[in-house]
Amino acid sequence: MKYTILLILMVSQIMAALIKAPILSVDNDKEIATIEIDHIDIGVSGFVVHHITPEHSSILKNATVTEYDKATKIATIKMSAFNALRNNALPYGKWKPQVGDTVELAFGYSRALLIAPNEEVYHQITKSVRIQWIHPDLFATVLSFAGHPTPLQEDFIGFSNAASVGLLFIYLDKKVYTVDIKSFKILNITDAPLEVKTKQKPFYTRVSKIDANWWGAGSSEMEQYAPHYYELLVQNNKKNKAFYEIVKNHKEESVRELASEFEIGK
(Lines give C-alpha, C1' and ligand atoms only; values in the text may rest on other atoms or scores of the structure.)
Protein backbone atom coordinates (compact mmCIF):
# COMPACT_ATOMS: atom_id res chain seq x y z
CA MET A 1 0.00 0.00 0.00
CA LYS A 2 2.87 2.39 0.73
CA TYR A 3 4.21 1.85 -2.80
CA THR A 4 0.80 2.45 -4.37
CA ILE A 5 0.27 5.74 -2.55
CA LEU A 6 3.79 6.91 -3.39
CA LEU A 7 3.34 6.22 -7.09
CA ILE A 8 -0.03 7.98 -7.19
CA LEU A 9 1.47 11.06 -5.52
CA MET A 10 4.44 11.05 -7.87
CA VAL A 11 2.27 10.92 -10.97
CA SER A 12 -0.13 13.58 -9.70
CA GLN A 13 2.78 16.02 -9.44
CA ILE A 14 3.98 15.33 -13.00
CA MET A 15 0.59 15.01 -14.67
CA ALA A 16 -0.24 18.69 -14.52
CA ALA A 17 -2.38 20.60 -16.98
CA LEU A 18 -0.90 21.96 -20.18
CA ILE A 19 1.69 24.61 -19.28
CA LYS A 20 1.74 27.80 -21.35
CA ALA A 21 4.25 30.66 -21.28
CA PRO A 22 5.20 33.42 -23.74
CA ILE A 23 8.65 33.49 -25.32
CA LEU A 24 10.92 36.09 -23.69
CA SER A 25 13.85 35.76 -26.10
CA VAL A 26 14.61 33.65 -29.15
CA ASP A 27 17.59 32.77 -31.33
CA ASN A 28 16.29 31.09 -34.46
CA ASP A 29 19.78 30.34 -35.77
CA LYS A 30 20.57 28.27 -32.67
CA GLU A 31 16.92 27.20 -32.27
CA ILE A 32 16.86 28.31 -28.64
CA ALA A 33 14.26 30.32 -26.75
CA THR A 34 13.60 31.29 -23.14
CA ILE A 35 10.44 31.50 -21.06
CA GLU A 36 9.64 32.44 -17.45
CA ILE A 37 7.89 29.79 -15.39
CA ASP A 38 7.52 29.01 -11.68
CA HIS A 39 8.73 25.42 -12.01
CA ILE A 40 9.50 22.96 -14.79
CA ASP A 41 11.50 19.75 -15.10
CA ILE A 42 14.29 19.40 -17.62
CA GLY A 43 13.12 17.18 -20.45
CA VAL A 44 9.47 18.24 -20.52
CA SER A 45 8.45 18.63 -24.16
CA GLY A 46 5.79 20.48 -26.12
CA PHE A 47 5.40 22.99 -28.93
CA VAL A 48 5.97 26.58 -29.97
CA VAL A 49 2.65 28.06 -31.08
CA HIS A 50 2.14 31.19 -33.20
CA HIS A 51 -1.25 32.91 -32.89
CA ILE A 52 -2.33 34.19 -36.29
CA THR A 53 -5.58 35.62 -34.89
CA PRO A 54 -7.27 35.18 -31.49
CA GLU A 55 -9.13 32.19 -32.98
CA HIS A 56 -6.40 30.70 -35.19
CA SER A 57 -2.93 29.41 -34.38
CA SER A 58 -0.18 27.29 -35.89
CA ILE A 59 2.43 25.00 -34.32
CA LEU A 60 5.87 26.15 -35.50
CA LYS A 61 8.36 23.94 -33.65
CA ASN A 62 8.79 21.12 -31.21
CA ALA A 63 10.10 22.38 -27.87
CA THR A 64 12.02 20.69 -25.04
CA VAL A 65 13.22 22.18 -21.75
CA THR A 66 17.02 21.84 -21.59
CA GLU A 67 17.86 24.14 -18.66
CA TYR A 68 16.04 25.73 -15.74
CA ASP A 69 17.31 28.44 -13.38
CA LYS A 70 15.39 28.27 -10.10
CA ALA A 71 16.65 31.68 -9.00
CA THR A 72 15.45 33.59 -12.06
CA LYS A 73 12.67 31.13 -13.00
CA ILE A 74 13.95 31.18 -16.56
CA ALA A 75 13.75 28.00 -18.65
CA THR A 76 15.78 27.45 -21.80
CA ILE A 77 13.89 25.78 -24.62
CA LYS A 78 15.52 23.83 -27.44
CA MET A 79 13.43 23.95 -30.61
CA SER A 80 13.36 21.45 -33.46
CA ALA A 81 11.36 20.81 -36.62
CA PHE A 82 7.71 19.94 -36.10
CA ASN A 83 6.45 17.39 -38.61
CA ALA A 84 3.93 15.33 -36.66
CA LEU A 85 0.99 16.71 -38.65
CA ARG A 86 2.78 17.14 -41.95
CA ASN A 87 0.60 17.02 -45.05
CA ASN A 88 2.10 18.06 -48.37
CA ALA A 89 -1.39 18.57 -49.82
CA LEU A 90 -2.10 21.43 -47.40
CA PRO A 91 -0.59 24.93 -47.34
CA TYR A 92 1.64 25.91 -44.44
CA GLY A 93 3.02 29.15 -43.08
CA LYS A 94 6.65 30.21 -43.03
CA TRP A 95 6.58 31.97 -39.67
CA LYS A 96 9.58 31.76 -37.38
CA PRO A 97 9.27 31.72 -33.59
CA GLN A 98 9.38 35.22 -32.14
CA VAL A 99 9.06 37.00 -28.82
CA GLY A 100 5.45 36.77 -27.69
CA ASP A 101 4.73 33.40 -29.29
CA THR A 102 3.57 30.75 -26.83
CA VAL A 103 5.45 27.68 -25.62
CA GLU A 104 3.02 24.94 -24.61
CA LEU A 105 4.58 22.18 -22.51
CA ALA A 106 3.49 18.83 -21.02
CA PHE A 107 1.16 18.12 -23.93
CA GLY A 108 -0.36 14.65 -23.64
CA TYR A 109 0.77 14.14 -20.04
CA SER A 110 -2.69 12.82 -19.17
CA ARG A 111 -2.04 9.80 -21.45
CA ALA A 112 0.70 7.23 -20.89
CA LEU A 113 2.23 4.02 -22.18
CA LEU A 114 3.63 1.45 -19.75
CA ILE A 115 6.47 -0.90 -20.62
CA ALA A 116 6.27 -3.79 -18.15
CA PRO A 117 7.87 -7.26 -18.06
CA ASN A 118 4.65 -9.22 -17.51
CA GLU A 119 0.89 -8.98 -17.11
CA GLU A 120 0.93 -8.97 -13.30
CA VAL A 121 3.30 -6.01 -13.05
CA TYR A 122 1.36 -4.19 -15.77
CA HIS A 123 -1.93 -4.53 -13.92
CA GLN A 124 -0.50 -3.63 -10.51
CA ILE A 125 0.97 -0.39 -11.82
CA THR A 126 -1.92 0.63 -14.05
CA LYS A 127 -4.43 0.04 -11.26
CA SER A 128 -2.41 2.18 -8.85
CA VAL A 129 -1.91 5.20 -11.11
CA ARG A 130 -4.80 7.45 -12.11
CA ILE A 131 -3.92 8.27 -15.68
CA GLN A 132 -5.31 7.35 -19.08
CA TRP A 133 -3.35 4.26 -20.07
CA ILE A 134 -2.86 3.44 -23.75
CA HIS A 135 -2.64 -0.33 -24.02
CA PRO A 136 0.73 -1.75 -25.15
CA ASP A 137 -1.10 -3.91 -27.70
CA LEU A 138 -1.46 -0.76 -29.80
CA PHE A 139 2.26 -0.05 -29.57
CA ALA A 140 3.08 -3.68 -30.39
CA THR A 141 0.90 -3.42 -33.50
CA VAL A 142 2.78 -0.29 -34.58
CA LEU A 143 6.09 -2.08 -34.03
CA SER A 144 4.90 -4.99 -36.14
CA PHE A 145 4.08 -2.65 -39.05
CA ALA A 146 7.54 -1.09 -38.68
CA GLY A 147 9.20 -4.51 -38.45
CA HIS A 148 10.80 -3.70 -35.10
CA PRO A 149 10.53 -6.49 -32.50
CA THR A 150 13.09 -4.42 -30.59
CA PRO A 151 11.56 -0.94 -30.13
CA LEU A 152 13.67 2.08 -31.06
CA GLN A 153 13.38 5.58 -29.66
CA GLU A 154 11.93 6.72 -32.99
CA ASP A 155 9.15 4.15 -32.54
CA PHE A 156 8.16 5.68 -29.22
CA ILE A 157 8.19 9.18 -30.72
CA GLY A 158 6.10 8.07 -33.68
CA PHE A 159 3.61 6.39 -31.35
CA SER A 160 3.47 9.55 -29.24
CA ASN A 161 2.54 11.60 -32.29
CA ALA A 162 -0.05 9.10 -33.49
CA ALA A 163 -1.75 8.49 -30.14
CA SER A 164 -1.14 11.84 -28.38
CA VAL A 165 0.80 10.12 -25.60
CA GLY A 166 3.04 12.34 -23.47
CA LEU A 167 4.43 10.03 -20.79
CA LEU A 168 6.24 6.70 -20.90
CA PHE A 169 6.56 4.48 -17.83
CA ILE A 170 9.24 1.77 -17.85
CA TYR A 171 9.50 -0.87 -15.12
CA LEU A 172 13.08 -1.98 -14.53
CA ASP A 173 14.44 -3.89 -11.52
CA LYS A 174 11.96 -2.78 -8.85
CA LYS A 175 11.80 0.81 -10.08
CA VAL A 176 9.39 2.75 -12.28
CA TYR A 177 10.97 5.34 -14.57
CA THR A 178 8.66 8.15 -15.63
CA VAL A 179 9.91 9.50 -18.94
CA ASP A 180 8.88 12.23 -21.38
CA ILE A 181 8.17 10.01 -24.36
CA LYS A 182 9.57 12.49 -26.91
CA SER A 183 12.73 13.73 -25.21
CA PHE A 184 13.26 10.41 -23.36
CA LYS A 185 14.38 12.41 -20.33
CA ILE A 186 13.72 10.81 -16.95
CA LEU A 187 11.29 12.96 -14.97
CA ASN A 188 11.06 10.72 -11.91
CA ILE A 189 12.36 7.43 -10.52
CA THR A 190 10.10 5.63 -8.05
CA ASP A 191 10.76 2.50 -6.02
CA ALA A 192 8.35 -0.28 -6.93
CA PRO A 193 9.30 -3.52 -5.14
CA LEU A 194 7.13 -5.86 -7.17
CA GLU A 195 7.86 -9.55 -7.61
CA VAL A 196 8.73 -10.46 -11.20
CA LYS A 197 8.60 -14.19 -11.87
CA THR A 198 8.62 -14.05 -15.66
CA LYS A 199 9.69 -11.49 -18.27
CA GLN A 200 8.00 -11.08 -21.63
CA LYS A 201 10.00 -9.58 -24.49
CA PRO A 202 10.00 -6.87 -25.69
CA PHE A 203 7.30 -6.03 -23.08
CA TYR A 204 3.94 -7.26 -21.85
CA THR A 205 1.46 -7.36 -24.72
CA ARG A 206 -1.28 -9.69 -25.90
CA VAL A 207 0.06 -9.46 -29.45
CA SER A 208 1.51 -12.92 -29.99
CA LYS A 209 4.17 -11.97 -32.55
CA ILE A 210 5.80 -8.72 -33.67
CA ASP A 211 6.92 -9.03 -37.27
CA ALA A 212 10.57 -8.27 -38.11
CA ASN A 213 12.31 -6.64 -41.04
CA TRP A 214 15.04 -8.56 -42.85
CA TRP A 215 17.68 -6.07 -41.66
CA GLY A 216 18.21 -2.70 -40.02
CA ALA A 217 18.02 -1.27 -36.52
CA GLY A 218 15.26 -2.79 -34.42
CA SER A 219 14.86 -5.84 -36.69
CA SER A 220 16.53 -8.31 -34.32
CA GLU A 221 14.67 -10.10 -31.55
CA MET A 222 15.39 -8.64 -28.11
CA GLU A 223 17.65 -11.00 -26.17
CA GLN A 224 16.88 -9.68 -22.68
CA TYR A 225 14.14 -7.44 -21.32
CA ALA A 226 16.03 -4.90 -19.21
CA PRO A 227 19.38 -4.06 -20.91
CA HIS A 228 17.80 -2.56 -24.04
CA TYR A 229 15.67 -0.10 -22.06
CA TYR A 230 18.60 0.84 -19.84
CA GLU A 231 20.58 1.62 -22.99
CA LEU A 232 17.81 3.83 -24.41
CA LEU A 233 17.56 5.72 -21.12
CA VAL A 234 21.33 6.15 -20.79
CA GLN A 235 21.58 7.61 -24.29
CA ASN A 236 19.24 10.43 -23.28
CA ASN A 237 20.09 10.93 -19.59
CA LYS A 238 23.88 11.12 -19.45
CA LYS A 239 23.87 13.87 -16.81
CA ASN A 240 21.31 12.30 -14.48
CA LYS A 241 23.23 11.59 -11.26
CA ALA A 242 20.55 9.43 -9.63
CA PHE A 243 20.28 7.23 -12.71
CA TYR A 244 24.07 7.06 -12.97
CA GLU A 245 24.29 5.58 -9.46
CA ILE A 246 21.67 2.96 -10.33
CA VAL A 247 23.48 1.92 -13.49
CA LYS A 248 26.95 1.99 -11.91
CA ASN A 249 25.86 -0.30 -9.08
CA HIS A 250 23.67 -2.64 -11.10
CA LYS A 251 24.06 -6.36 -10.47
CA GLU A 252 24.41 -7.19 -14.17
CA GLU A 253 27.71 -6.40 -15.89
CA SER A 254 26.04 -5.58 -19.22
CA VAL A 255 24.18 -2.74 -17.49
CA ARG A 256 27.13 -1.57 -15.36
CA GLU A 257 29.20 -1.13 -18.53
CA LEU A 258 26.79 1.61 -19.61
CA ALA A 259 28.05 3.79 -16.75
CA SER A 260 31.05 4.75 -18.91
CA GLU A 261 28.69 6.58 -21.29
CA PHE A 262 27.54 9.09 -18.67
CA GLU A 263 28.95 12.62 -18.57
CA ILE A 264 29.04 12.67 -14.78
CA GLY A 265 32.36 14.08 -13.55
CA LYS A 266 33.68 14.69 -17.07
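The values are calculated or read from the model by the stated rules, or taken from the named source; none is laboratory data. Source: prediction; values computed, not measured. Using ideal geometry, Cβ is built from the backbone for each residue, glycine included, and neighbour counts are taken over all protein chains shown.
Quick check on my filter: what residues within the stretch 110-160 are of a type in the set (A, V, I, L, M) and out of contact with any helix residue (DSSP H, G or I) (no Cβ under 9 Å at 6 or more places or on another chain)?
Answer for the stretch 110-160, where residues must be of a type in the set (A, V, I, L, M) and out of contact with any helix residue (DSSP H, G or I) (no Cβ under 9 Å at 6 or more places or on another chain): Val121, Ala140, Ile157.
List pairs: first residue in the stretch 246-266 and within 15 Å of Glu223 (Cβ to Cβ) and not assigned by TED's automatic domain parsing to the domain that holds Tyr177, second residue surrounded by 14 or more Cβ atoms within 10 Å (Cβ to Cβ) and of a type outside the set (Gly, Ala, Ser) anywhere in the structure, Cβ distance under 6 angstrom, at least six positions apart or on different chains.
Filtered contacts from the stretch 246-266: no entries.
Could you check Gly93 against (1) modelled with pLDDT of 95 or more; (2) outside the structural domain of Met222 (by TED's automatic domain parsing) and say which number it fails?
Failing condition for Gly93: (1).
Please name all residue pairs, on different chains or six or more residues apart, with Cβ atoms under 7 Å, provided the first residue is in the stretch 209-223 and is within 9 Å of His148 (Cβ to Cβ) and the second residue is aliphatic (A, V, I, L, M) and not in a loop (DSSP other than H, G, I, E, B).
Ile210/Ala140; Ile210/Leu143
Which numbered condition in (1) surrounded by 14 or more Cβ atoms within 10 Å (Cβ to Cβ); (2) touching a residue at least 60 places away in the same chain (Cβ under 8 Å) is the only one that Ile157 fails?
Single failed check for Ile157: (2).
Name every residue in the stretch 160-188 that is over 11 Å from the mean Cα position of the chain (by Cα), buried (at least 17 other Cβ atoms within 10 Å of the Cβ) and among the hydrophobic types (A, V, I, L, M, F, W, C), in order of residue number.
Correct list: Leu172, Val176.
So that you can scan it fast, the table gives a plain yes or no per residue for (1) part of a loop (DSSP other than H, G, I, E, B); (2) closer than 21 Å to Met222 by Cβ:
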| position | (1), (2) |
| --- | --- |
| Arg130 | yes, no |
| Ser144 | no, yes |
| Ala162 | no, no |
| Leu168 | no, yes |
| Thr178 | no, no |
| Phe184 | yes, yes |
| Val196 | yes, yes |
| Lys199 | yes, yes |
| Phe203 | yes, yes |
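Results for (1) touching a Pro at 6+ places or on another chain (Cβ under 7 Å); (2) within 13 Å of Ile186 (Cβ to Cβ); (3) at pLDDT below 95; (4) surrounded by 19 or more Cβ atoms within 10 Å (Cβ to Cβ), shown as yes or no for each residue.
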position: Ser219; (1), (2), (3), (4): no, no, yes, no
position: Tyr230; (1), (2), (3), (4): no, yes, no, yes
position: Leu233; (1), (2), (3), (4): no, yes, no, yes
position: Lys238; (1), (2), (3), (4): no, yes, no, no
position: Val247; (1), (2), (3), (4): no, yes, no, yes
position: Lys251; (1), (2), (3), (4): no, no, yes, no
position: Ser254; (1), (2), (3), (4): yes, no, yes, no
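Consider Pro202 against the criteria (1) at pLDDT 95 or above; (2) closer than 28 Å to Val65 by Cβ; (3) crowded, with 20+ Cβ neighbours inside 10 Å: it satisfies all of them except one. Which criterion is unmet?
(2)
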